[in-house]
Structures are given as structure tokens and as C-alpha cells.
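Taken together, the values in this text are just the output of simple stated rules run on the coordinates, not laboratory data. The model shown is predicted, which means the values in this text are computed figures rather than measured ones. Methodologically, a virtual Cβ is constructed for each residue, glycine included, from the backbone with ideal geometry; neighbour enumeration extends over all protein chains shown.
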Amino acid sequence: MEKRHPQDSISTSTKVVLPNDTNTIGKLFGGSLLAWIDEIAAVAAHRHSGSLVVTAAINNVSFTKPVDLGAIVTLSAKVSRAFGSSMEVIIDVFIEDLVTGEKTSSNQAILTFVAVDRNGATYKVPEITPETDEEKERYVAALRRRQLSLVIAGRMKPDEATELKALFGM
Ligand SMILES: CC(C)(COP(=O)(O)OP(=O)(O)OC[C@H]1O[C@@H](n2cnc3c(N)ncnc32)[C@H](O)[C@@H]1OP(=O)(O)O)[C@@H](O)C(=O)NCCC(=O)NCCS
């Protein structure tokens with residue numbers, strides 16, 4: 001099976017925070033942001049796998065900075081690691097300064113997608129080879145995150161989570 005790189009899956013989307021996307025204090029509603037994240041992450045997973053994909057888990061979302069009504073928000077998603085049928089996708093979210101155009105990071109999310117066929121059966125996706133230092137770091141850490149997600153979901157016994165045990169010196 002052909003090896004692919006994280007760059008092959010890169011997917012970006014730019015949104016403007018409209019009144020319908022805000023909460024009661026006039027900031028971007030977390031649920032709207034999650035929908036944008038899930039959508040662009042699915043595109044990245046599709047670009048990597050060339051198949052239909054479903055969201056298997058939302059592993060982590062950090063809401064670091066409140067985002068104002070009218071803000072321009074850019075989401076950039078990339079597959080960080082592929083396993084069997086599953087892929088980890090990291091989504092970096094930036095806000096653009098309306099005067100200077102400078103982009104600052106506002107959120108990061110990590111999701112797991114699974115490649116499926118039209119009947120919902122899972123199938124193997126191509127491996128991924130990281131290239132940049134950041135991609136290599138994310139690739140290595142993805143195995144720990146996968147084990148944590150599987151333990152939390154009750155799909156892996158804690159004592160089988162070798163990467164987590166090594167991390168905590170157990
Ligand atoms: C995700 C789904 C396809 C998994 O199906 P399954 O029959 O349990 O299949 P498997 O046990 O073979 O798991 C498939 C892969 O998902 C991974 N996976 C499943 N749950 C996971 C979780 N919580 N965290 C991380 N990985 C997970 C498994 O480890 C496996 O990965 P691998 O093939 O890389 O080793 C199935 O649960 C599903 O269809 N869920 C609903 C998805 C959905 O509706 N999403 C929202 C709308 S898109």
C-alpha cells in the first residue's frame with residue numbers, strides 16, 4: 001500500500017463568526033466550533049484514506065481563547081498518524097487580526113476517524129510518514145493518545161497500554 005505524508009491530507013477552512021454562531025455572551029459557541037472542526041477533520045481523513053470516514057472519537061479539544069463575533073477563524077487539519085483503519089487528525093484553529101491580518105492560535109483539537117465502506121465495514125488505510133519536526137513529534141505522541149482513548153472507551157485494558165505505562169514510569 002502506498003505510503004503517504006501528513007501534507008497530503010492538509011485541509012483548511014475559513015469561517016466568519018456570525019450571530020448564529022455565538023453564545024449568550026457574544027463569543028463563538030463551542031458547539032459551532034466543534035461542528036467546523038469535525039467537518040474539516042473529516043476532509044483531511046478522507047484525503048489521507050481516499051475512503052468514506054466516520055468520527056470514532058473526539059480525543060481532546062482545548063478552548064484556549066474566547067473568539068469574538070465577527071472574527072475570521074481559520075481551521076487547518078492534518079492526519080498525524082494512521083494505524084489500521086483509524087487515523088488521528090489534529091486541527092489547529094487560528095484567529096485573524098482584522099487590522100493586521102496576523103494569525104494567532106485559539107484552539108487545538110484531536111479527533112480519531114475510521115475508514116469505512118458503504119456498508120460500514122472498516123478497512124485498512126495507508127501508512128503515513130512524518131517529515132517535519134512537528135509532524136514527527138505528533139506522530140510519536142499519537143500512539144500514547146490512541147492508547148489513552150482506547151482505555152477510556154473500555155477497548156483496551158490499562159495494563160496493555162504500554163506507551164502510557166512508559167510515560168508514567170509504571
Ligand atoms: C467507529 C466504528 C466504525 C468502529 O467500529 P468497530 O466495529 O468497533 O470497529 P473496530 O473495533 O475494528 O475499530 C475500528 C478502529 O477504530 C478504532 N477505535 C474505535 N473506537 C476508538 C476510540 N474511542 N478511540 C480511538 N480509536 C478507536 C479501533 O482501535 C480501530 O482502529 P485500528 O483499525 O486502527 O486498529 C463504529 O463504532 C461506528 O461506526 N461508530 C459510529 C461512528 C459515527 O456515527 N460517527 C459520527 C458521525 S460521522
Inset, instruction - Within the set of other residues whose C-beta is less than 13 Å from the C-beta of Ile40, count the net charge using Lys and Arg as +1 and Asp and Glu as -1. - result: 0
Legend entry - Residue with peak Gaussian network fluctuation, the chain [Cα springs, cutoff 10 Å], from Ile110, Ile72, Ile25: Ile25
Inset, instruction - Using only Cα atoms, find the angle between the long axis of helix 133-152 and the longest principal axis of the chain, and express it within 0 to 90 degrees, rounded to the nearest 10. - result: 70
Legend entry - Charged-residue dipole, Cβ positions (Lys, Arg, Asp, Glu), the chain about Cα centre, Debye nearest 20: 500
Legend entry - Farthest toward positive dipole pole in segment 6-128 [+1 Lys/Arg, -1 Asp/Glu at C-beta], among Val61, Leu18, Ala82: Ala82
Legend entry - Sites excluded, chymotrypsin sites (Phe, Trp or Tyr not before Pro) in DSSP loops with at most 13 other C-beta within 10 Å, longest stretch of the chain: 1-122
Inset, instruction - Could you work out the longest stretch of the chain that avoids the GluC sites (Glu not before Pro) located in DSSP loops with at most 16 other Cβ atoms within 10 Å? - result: 3-101
Legend entry - Theoretical gain in end-to-end length, Lys157 to Ile25 [0.36 nm per residue, Cα-Cα removed]: 43.3 nm
Inset, instruction - Kindly list the residues of segment 99-143 that lie in the label zone of Leu52, defined by a backbone N under 15 Å from the point 7 Å along the Cα-to-C-beta vector. - result: 114-124
Inset, instruction - Loop sites only, by DSSP: take the trypsin sites (Lys or Arg not before Pro) in the chain that have at most 15 other C-beta atoms within 10 Å and name the longest stretch containing none of them. - result: 4-117
Inset, instruction - Pop out the ³J(HN,Hα) list for segment 68-85 in order, Karplus 6.51 cos²θ - 1.76 cosθ + 1.60 with θ = phi - 60°, rounded to Hz; leave Gly and Pro as x. - result: 7, 3, x, 5, 9, 10, 10, 10, 10, 10, 8, 6, 9, 7, 10, 10, x, 9
Inset, instruction - Kindly flag which residue pairs out of Lys136/Lys165; Lys27/Lys103; Lys78/Lys157 have an alpha-carbon separation exceeding 25 Å in this structure. - result: Lys78/Lys157
Legend entry - Helical mean residue ellipticity (222 nm; -39500 (n - 2.57) per DSSP H run of 4+; nearest 500) of the chain: -9000 deg cm²/dmol
Inset, instruction - Under a 10 Å cutoff between Cα atoms, tell me which one of Ala153, Ala115, Ala71 has the largest fluctuation in the Gaussian network model of the chain. - result: Ala153
Legend entry - Virtual spin-label span in nm between Ala35 and Val99, 7 Å along Cα→Cβ: 3.3
Legend entry - Extension reserve of the Asn119-Phe63 stretch, reckoned as 0.36 nm per residue once the Cα distance is removed: 16.6 nm
Inset, instruction - Specify whether the C-alpha gyration tensor of segment 6-128 places it in the rounded, prolate or oblate class, a ≥ b ≥ c being the square roots of the eigenvalues: rounded for a/c under 1.5, otherwise prolate if a/b is larger than b/c and oblate if not. - result: prolate
Legend entry - ³J(HN,Hα), Karplus 6.51/-1.76/1.60, whole Hz, each residue of segment 29-35, x for Gly, Pro: 6, x, x, 5, 4, 4, 5
